[in-house]
Amino acid sequence: MGSLSEKQKSLIEGCLLGDGYMRCKTNAHLQITHSIKQKDYVDWKYRNLSEFILTPPKSYKGNGTRIGYRFFTRSLPIFTNYFLRFYKKQKVIPKDLNLTALTLAVWYMDDGSKSGRSCYLNTQKFTSTDQEFLISILQKKYNLQAHRDKDKVYFRLRFTFEDSQKFVRIIEPYILPSMRYKLPI
């Protein structure tokens, strides 16, 4: 199987920071699952990774009335490398993470939200150490100030109004039209 393009690498890392999920036996595969309401977004991910997928996205009935939409990549060595970097006992932030603007945009489309005029990255699944590491990367690479913000029991990353504006300028060129509702405009 061929190698990944830079765009595909950024997309995969954004997914793994967000809602993407991997499983591994001999080799790993990536699972992309969203609500049917985000069909355009799943289809975009599918188009960008299609050479590594055998079956196009399909809808499925979830819990209650939820209808999901998902696809799975093939199990391949190129995905195993991501699994080994992002998974230990739980999902982790690899020390060699390359936060490109596209990675940030995919992460935000997956797991970002707005509150008023501020942006959040839902990092509740990551440890406080990993969250602090993400804060330092955002500061070093983009001069963005983020901080841990308590959301009920767990913490997520929050940008101030000013840094939310800077953050949006970085990711906006990559935000799909169907996902623009997440931007604090």
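Bear in mind these aren't lab numbers, they're just calculated from the coordinates by the rules spelled out. Predicted model, so just to flag it, every value in this text is computed and none were measured. Reconstructed Cβ throughout: ideal geometry from the backbone, glycine too, with neighbour counts over all protein chains shown.
Based on the mean of other Cβ atoms within 10 Å per residue, sort peptides 68-81, 136-149 so the most packed one is first.
My ranking of the peptides, most packed first, is 68-81, 136-149.
Measure nothing but the geometry: give the 0 to 90° angle between the long axis through the Cα atoms of 77-86 and the longest principal axis through the Cα atoms of the chain, rounded to 10°.
Helix 77-86 sits at roughly 30 degrees to that axis.
Per residue of segment 100-105, in order, report the coupling 6.51 cos²θ - 1.76 cosθ + 1.60 (Karplus, θ = phi - 60°) as ³J(HN,Hα) in whole Hz, putting x for Gly and Pro.
For segment 100-105, the Karplus curve yields 6, 4, 5, 4, 4, 5 Hz.
With unit charges on the beta carbon (Lys/Arg positive, Asp/Glu negative), name the residue among TYR120, VAL106, LEU54 whose Cα is farthest towards the positive pole of the charge dipole of the chain.
So the residue we want is LEU54.
Just to be sure I understand, if you calculate Cα Rg over 2.2 N^0.38 Å for this structure, which of [x] 0.95; [y] 1.17; [z] 1.01 do you get?
Evaluating Cα Rg over 2.2 N^0.38 Å on these atoms matches [z].
Taking the chain as the reference, fit the longest principal axis to its C-alpha atoms, fit the long axis of helix 6-17 to the helix C-alpha atoms, and give the angle between the two in degrees, 0 to 90, nearest 10.
With both axes taken from Cα atoms, the answer is about 70 degrees.
Would you mind checking the tilt of helix 128-142 against the longest principal axis of the Cα atoms of the chain, expressed as 0 to 90 degrees and rounded to 10?
80 degrees
When the helix-only estimate is applied to the chain (DSSP H runs of n ≥ 4, each -39,500 (n - 2.57), divided by the residue count), what is the mean residue ellipticity at 222 nm, nearest 500 deg cm²/dmol?
-11500 deg cm²/dmol
Dipole magnitude of segment 6-86 about its Cα centre, charges +1 at Lys/Arg Cβ and -1 at Asp/Glu Cβ only, in debye to the nearest 20?
Dipole of segment 6-86, to the nearest 20 debye: 280 debye.
Report the Cα centroid-to-centroid distance between segment 1-58 and segment 95-145 in angstrom, as an integer.
19 Å
Going down the list LYS61/LYS88; LYS9/LYS45; LYS88/LYS114, which pairs span over 18 Å between their C-alpha atoms?
Those over the limit are LYS61/LYS88; LYS88/LYS114.
5 Å is the cut-off here: which amide hydrogens, built 1.01 Å from N in the peptide plane, fall below it relative to LEU30, excluding neighbours closer than 5 in sequence?
When sequence neighbours closer than 5 places are left aside, the close amide H contacts are THR73.
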